[in-house]
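To keep things clear, I will list the structure first and then write my remarks on it.
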Amino acid sequence: MLKFKVKDLSLAKQGRKKIDWAESRMPVLAMLREKYKKTKPFKGYKIAGCLHVTKETAVLVRTFIDAGAEVSWSGCNPLSTQDDVAAALAAEGVSIFAWNGMNTKEFYWCIERTLDFKPNLTLDDGADLIFTVHRRFQHLIPEIIGGTEETTTGVHRLRKMADDGALKYPVFAVNDSITKWDFDNVYGTGQSTIDGILRATSVMIPGKNFVIAGYGHCGSGVANKAKGLGANTFVTEVKPTAALKATLDGHSVMKMDDAAKIGDIFVTATGVKDVIIGRHFRVMKDGAIVCNTGHYDCEINIMDLEKLAKRKRLLRPNCEEYTLKNGKRIFLLARGRLVNLSAAEGHPSEVMDMSFSNQFSAQLRLVEFHKKGKKLPINVYTLPEELDQHIAGLKLKTMNIKIDKLTPEQIRYINDYSEGT
Ligand code: ARJ
């Protein structure tokens, strides 16, 4: 059985330093690690993971291993793997199959290798691993006790699978925890998307017409960070409530057909395909910068851009210049893949600390259930809110922030509906 495949093992030393840095910024996960390295609750359990290979993910992997798990890992996006981190994990003896710049065939080959050890737990970001299991490795399903899913797009896919009766084992939607979506999706995406745009272009943000497609948790995070940096922000939406919220948050809301003409920088954050297509490229200003921060690379129709272009060249890392037949230039970042993870390092460690504490807790919950001999009915579950309050409480503690506590009298007041004016 192949143990690992990474780009270059000699990058391990540099990767280790990166992971050490992330570790020093992830105190909540460190507490979980400290607690469970003694009791090793994952002993005898095998986790196959498919999630961006970053320094933060490496800290999560180390936490699982210290808690007794056997782990095999692949990346969940062809352009997001940090090769030095992958090398460091491989050098530590972790089974890992990931390198930056892989093609689609290699992507699935890596996922398949993580199934060689016949896992009994799956961990996804985007649901490609669990989908592969359901489609082509059904024989593994009887041994799998459950899975977890990191992101909005993956949860959406899994809920559709559950509705269709196609889901064959229970899953925790980690994304739906407050300490995930209300922080990672908002502040994480907000900062790391800007980070990716800056590393790929180094343009000035103030004064730019900044168009954000989608005003969900991720889109609103990006829009509000861009606004804070002095950009003129424009939002496109399909959902009336989200469009209204964007308006009241101070952004100009319009159709993409109108925004396409005035934007200097475009970011898609919708989870939907074909948000920016040929007719939009055709009317864009010379020099427009276009990128995506949604999970899949289908939001910007690159085929349309290719058809309109007479020339393209890589001008800077992650910044491709397309010269259209009409003479205008459009700059596509990170080939339309997640700009924050391809051109930058993903969300900051501090916010991933909470997301991954949820991941760890969700996997642990599946194991604890299994140990009790119980069978969780097949469904997509949300973690309990008490866990959110617990994780948020720990995070505050590590930040040395103290908050008030309800008095018994206040608790009585809250629970008493008879008191009014
Ligand atoms: C690992 C990351 C990082 C990072 O939690 C985020 C999410 O929902 C993803 C959608 O694919 C990306 C994931 N994410 C963001 N930043 N995963 N390490 N540094």
Query - Close pairs from the range 316-327: first more than 21 Å from N340 (Cβ to Cβ) and assigned to a loop (DSSP other than H, G, I, E, B), partner modelled with pLDDT of 95 or more and not aliphatic (A, V, I, L, M), Cβ under 7 Å, at least 6 apart - result: K325/K310
Query - Tally, over the range 55-90, of residues that are basic (K, R) and surrounded by 24 or more Cβ atoms within 10 Å (Cβ to Cβ) - result: 1
Query - Considering residues of the range 125-182 that are more than 14 Å from the ligand (Cβ to nearest atom) and charged (D, E, K, R) only, the residue surrounded by the most Cβ atoms within 10 Å (Cβ to Cβ) - result: R159
Report summary line: Taking the range 333-351 and keeping residues more than 8 Å from the ligand (Cβ to nearest atom) and of a type in the set (S, T, N, Q) leaves S342
Query raised in the report: Are there any pairs, at least 6 apart or on different chains, whose C-beta atoms fall under 9 Å, with the first in the range 274-301 and on the phi > 0 side of the Ramachandran plot and the second in a loop (DSSP other than H, G, I, E, B) and more than 16 Å from the ligand (Cβ to nearest atom), and if so, which?
Result: D274/N301; G287/D264; G287/K328
Report task. Could you tell me which residue of the range 303-324 is nearest to the ligand (Cβ to nearest atom), considering only residues that are within 19 Å of V267 (Cα to Cα) and either of a type in the set (S, T, Y) or surrounded by fewer than 19 Cβ atoms within 10 Å (Cβ to Cβ) (or both)? Result -> P317
Query raised in the report: Does the range 1-17 contain at least one residue that is in a loop (DSSP other than H, G, I, E, B), in contact with a strand residue (DSSP E or B) (Cβ under 7 Å, 6 or more places away or on another chain) and surrounded by fewer than 16 Cβ atoms within 10 Å (Cβ to Cβ)?
Result: yes
Query - Number of the exception - G327 against (1) closer than 18 Å to E150 by Cβ; (2) among the small types (G, A, S); (3) surrounded by fewer than 20 Cβ atoms within 10 Å (Cβ to Cβ) - result: (1)
Report summary line: Looking across the range 146-168 at residues that are in contact with a helix residue (DSSP H, G or I) (Cβ under 6 Å, 6 or more places away or on another chain) and not in a strand (DSSP E or B), the single one that is farthest from C218 (Cα to Cα) is K168
Query - Qualifying positions in the range 195-216 - under 26 Å from K273 (Cβ atoms) and hydrophobic (A, V, I, L, M, F, W, C) - result: I197, A200, F210, V211, I212, A213
Query raised in the report: Which one of E34, E56 is away from the ligand (no atom under 13 Å from the Cβ) and either part of a helix (DSSP H, G or I) or under 23 Å from the mean Cα position of the chain (by Cα) (or both)?
Result: E34
Query raised in the report: Filter the range 187-204 for residues that are away from the ligand (no atom under 11 Å from the Cβ) and of a type in the set (V, I, T); which is nearest to A334 (Cα to Cα)?
Result: I197
Query raised in the report: When you go through G221, G207 one by one, which is the residue that is of a type outside the set (F, W, Y) and within 16 Å of the ligand (Cβ to nearest atom)?
Result: G221
Query raised in the report: Could you say whether any residue in the range 74-90 is within 14 Å of the ligand (Cβ to nearest atom), on the phi > 0 side of the Ramachandran plot and not β-branched (V, I, T)?
Result: no
Query - Filtered residue count, the range 59-70, keeping only those that are on the phi < 0 side of the Ramachandran plot and either within 15 Å of the chain's Cα centre (by Cα) or away from the ligand (no atom under 15 Å from the Cβ) (or both) - result: 6
Query - Residues that are over 16 Å from D176 (Cβ atoms), basic (K, R), away from the ligand (no atom under 16 Å from the Cβ) and part of a helix (DSSP H, G or I), drawn from the range 352-403 - result: K371, K397
Query raised in the report: under 21 Å from D353 (Cβ atoms), surrounded by 22 or more Cβ atoms within 10 Å (Cβ to Cβ) and touching a Ser or Thr at 6+ places or on another chain (Cβ under 9 Å), is that true of T233?
Result: no
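The values are calculated or read from the model by the stated rules, or taken from the named source; none is laboratory data. Keep in mind it's a predicted model, so treat the numbers as computed, not measured. We place every Cβ from the backbone using ideal geometry, glycine too, and count neighbours over all the protein chains shown.
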